[in-house]
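Chemist: Right, I'll just put the structure down here and ask away after.
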Amino acid sequence: MSESALLDFEHGITAIDTDYVRPWLDASHLLVRGGRAAFVDTGTTHSVPNLLHALRAKDLDPADVDYVFLTHVHLDHAGGAGELLKHLPNAKVLVHPRGGAHLVNPDKLIAGTKLVYGEKKFAEFYGEIPPIAAQRVVEVQADARFKLDGSELLCIHTPGHALHHYCIVDRDSRSVFTGDSFGISYRVFDTWKGAFIFPATTPTHFDPQQAHASLDRIMKFEPQACFLTHYSRVTDVQRLANDMHAHLDKFVEIAYGCADRGAQRHACMRSAMYDYLAQQARAHGCTLDQPSVDMWLEMDVELNAQGLAVWLDRLRC
């Protein structure tokens, strides 16, 4: 891992590239306050050497880590937690109450992810997922507060992307670690206008009303920055929140527009969502060549269309 894969920010915050799928797609964040440390999200089992490297780069010992915050238990965020905990003798893993059982016994989580990606891609992306001993798992209640040296970290529940999602409000830096609740913003789409952002509506818990409400909950803290897992710090937060609300409404419109297409429903949503996001990126000033745009949007468009389909099916039950 190169030092360029670490991005340092103020207030002891470092983004660590987890090398998930491709560089600059998925980040873990390391917080350091007064010689004590915490990780927010872990990437996958394959990511653990990068996280341990980041500790060494900051002259920290694994015993200095008090917490591993998991914003939710999707494996690109939490898949590495079991392996990482083997190296952190003092750390507790903090997870939404709906997610704790999946860390202690990850069999259902593994099976569900294999249904999405298949056996081969699962092994390539995630590797082995070790269980975590129950005594090391702390279920985070809404508005729970944790101390990292003198800093207070507030956990707020933010469903919409997933029912087992929470965000971490860091008052010292006036920022929020948002997992996927504040969307996806790859740095390759940055232009003179700033960051380009779009929602993550992946299976299986996507709910647009909850997603809108969670955005509003985050914004009540008036953050100066949000730290996204995909990919790290964004500023101009009010504009991005407005964009997220508009994109969520458009995604719902796309889902309803394709709802009665039968066997072609998924292809319809994929095509419409891709066309919309590509057009929005170009309007934002993106000058990437078309193959690069395709590469960066392809996986999210597929997963987002799957999530919209599950949501539509749930409405019909």
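The values are calculated or read from the model by the stated rules, or taken from the named source; none is laboratory data. On a predicted model such as this, the values are computed, not experimentally measured, just so you know. Glycine gets a Cβ as well: all are built from the backbone with ideal geometry, and neighbour counts include every protein chain shown.
Chemist: Regarding Asp294, is this residue surrounded by fewer than 17 Cβ atoms within 10 Å (Cβ to Cβ), within 14 Å of Tyr186 (Cβ to Cβ), acidic (Asp, Glu) and not assigned by TED's automatic domain parsing to the domain that holds Val21? Even if it seems obvious, please write down each step before you answer.
Modeler: On the way: surrounded by fewer than 17 Cβ atoms within 10 Å (Cβ to Cβ): yes; within 14 Å of Tyr186 (Cβ to Cβ): yes; acidic (Asp, Glu): yes; not assigned by TED's automatic domain parsing to the domain that holds Val21: yes.
So Asp294 fits the description; yes.
Chemist: Are there helices (runs of 4 or more DSSP H) fully within segment 1-115 with at least 2 residues that are touching a residue at least 60 places away in the same chain (Cβ under 8 Å) and not basic (Lys, Arg)? List them.
Modeler: Details: elements: 48-57, 75-78, 81-85, 100-104.
Answer list for segment 1-115: 75-78.
Chemist: Pull up segment 192-202, narrow it to residues that are surrounded by 15 or more Cβ atoms within 10 Å (Cβ to Cβ) and out of contact with any Phe, Trp or Tyr (no Cβ under 9 Å at 6 or more places or on another chain), then point me to the one that is farthest from Asp275 (Cα to Cα). Explain how you work it out, then say what you get.
Modeler: First, pick out the residues of segment 192-202 that are surrounded by 15 or more Cβ atoms within 10 Å (Cβ to Cβ): 194-202.
If we keep only those that are out of contact with any Phe, Trp or Tyr (no Cβ under 9 Å at 6 or more places or on another chain) too, we end up with 194, 202.
Details: Gly194: 21, Thr202: 18 Å.
Applying the filter and picking the extreme gives Gly194.
Chemist: Scan Phe182, Phe125, Phe146 and give me the residue that is within 27 Å of Val32 (Cα to Cα) and surrounded by fewer than 20 Cβ atoms within 10 Å (Cβ to Cβ). Before the answer, list the steps.
Modeler: Values: Phe182 fails: surrounded by fewer than 20 Cβ atoms within 10 Å (Cβ to Cβ); Phe125 fails: within 27 Å of Val32 (Cα to Cα).
Result: Phe146 is the single residue among Phe182, Phe125, Phe146 that is within 27 Å of Val32 (Cα to Cα) and surrounded by fewer than 20 Cβ atoms within 10 Å (Cβ to Cβ).
Chemist: Could you grab the pairs with beta carbons closer than 6 Å, sequence gap of 6+ or different chains, first residue in segment 297-310 and in contact (Cβ under 8 Å) with a residue 60 or more places away in the chain, second one among the aromatic types (Phe, Trp, Tyr) and outside any helix (DSSP H, G or I)?
Modeler: Gly307/Phe206
Chemist: Quick one: how many residues across segment 266-296 are part of a loop (DSSP other than H, G, I, E, B) and either in contact (Cβ under 8 Å) with a residue 40 or more places away in the chain or of a type in the set (Gly, Ala, Ser) (or both)?
Modeler: 5
Chemist: I would also like to ask the following. Output the residues belonging to segment 297-308 that are hydrophobic (A, V, I, L, M, F, W, C) and either surrounded by fewer than 19 Cβ atoms within 10 Å (Cβ to Cβ) or not assigned by TED's automatic domain parsing to the domain that holds His247 (or both).
Modeler: Restricting attention to segment 297-308, the residues satisfying the condition of being hydrophobic (A, V, I, L, M, F, W, C) are 297, 299, 301, 303, 305, 308.
Answer for segment 297-308, where residues must be hydrophobic (A, V, I, L, M, F, W, C) and either surrounded by fewer than 19 Cβ atoms within 10 Å (Cβ to Cβ) or not assigned by TED's automatic domain parsing to the domain that holds His247 (or both): Met299, Leu303.
Chemist: In segment 215-263, which residue that is assigned to a helix (DSSP H, G or I) and among the small types (Gly, Ala, Ser) is surrounded by the most Cβ atoms within 10 Å (Cβ to Cβ)?
Modeler: Here is the first cut: in segment 215-263, the ones assigned to a helix (DSSP H, G or I) are 215-219, 237-258, 262-263.
With among the small types (Gly, Ala, Ser) added as a condition, the list becomes 241, 246, 255, 257, 262-263.
Values: Ala241: 19, Ala246: 12, Ala255: 25, Gly257: 12, Gly262: 8, Ala263: 6.
Filtering segment 215-263 for residues that are assigned to a helix (DSSP H, G or I) and among the small types (Gly, Ala, Ser), the one surrounded by the most Cβ atoms within 10 Å (Cβ to Cβ) comes out as Ala255.
Chemist: Of the residues that make up segment 274-289, is at least one at pLDDT 95 or above, buried (at least 19 other Cβ atoms within 10 Å of the Cβ) and farther than 28 Å from Val176 by Cα?
Modeler: yes
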